[in-house]
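> The following block contains the structure, expressed as structure tokens.
The values are calculated or read from the model by the stated rules, or taken from the named source; none is laboratory data. Every value quoted in this text rests on a predicted model; they were computed, and no experiment measured them. Cβ coordinates were reconstructed from backbone atoms using ideal geometry, including for glycine residues, and neighbour counts include every protein chain displayed.
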Amino acid sequence: MKKLILSFVLFVQLGFAMAKDNKPTMVVQVKNDNVKMFQQAGTSTPILYAISTNDRVEIIRKWNTYWTMVKVNDKVGYVLHSELTYLKEKPEPRAIAKR
């Protein structure tokens, strides 16, 4: 019986560990068209994708001072941090007060 309970507890813990992380992702843009996304953090690694300004770029994490791990079109790679720009939220239109 103890083995059964222990197995159940371990199975539940594994389920929580593998559950999808619902952390909000930060969406950014690239500053220019044809920004290269590399396989690893370095310009000598293979290029996975050329990102355009219309692509949705999600930041996974900042790798170091120069490189950021991103996801574009279900591909994960590295982009120079200096090539990214944060999206500015559009201001909400103000209501004009009537007198």
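> Kindly establish whether Lys36 is within 14 Å of the chain's Cα centre (by Cα), at pLDDT 90 or above, outside any loop (DSSP other than H, G, I, E, B) and not aromatic (Phe, Trp, Tyr).
Against the criterion (within 14 Å of the chain's Cα centre (by Cα), at pLDDT 90 or above, outside any loop (DSSP other than H, G, I, E, B) and not aromatic (Phe, Trp, Tyr)), Lys36 does not qualify.
> Name the single residue that is modelled with the highest pLDDT among those in region 41-81 being of a type in the set (S, T, N, Q) and in contact with a His (Cβ under 8 Å, 6 or more places away or on another chain).
Thr68
> If you don't mind, another one. Being without any contact (Cβ under 8 Å) to a residue 24 or more places away in the chain and outside any strand (DSSP E or B) is the filter; apply it to region 68-81 and report the residue that is surrounded by the most Cβ atoms within 10 Å (Cβ to Cβ).
Selected residue: His81.
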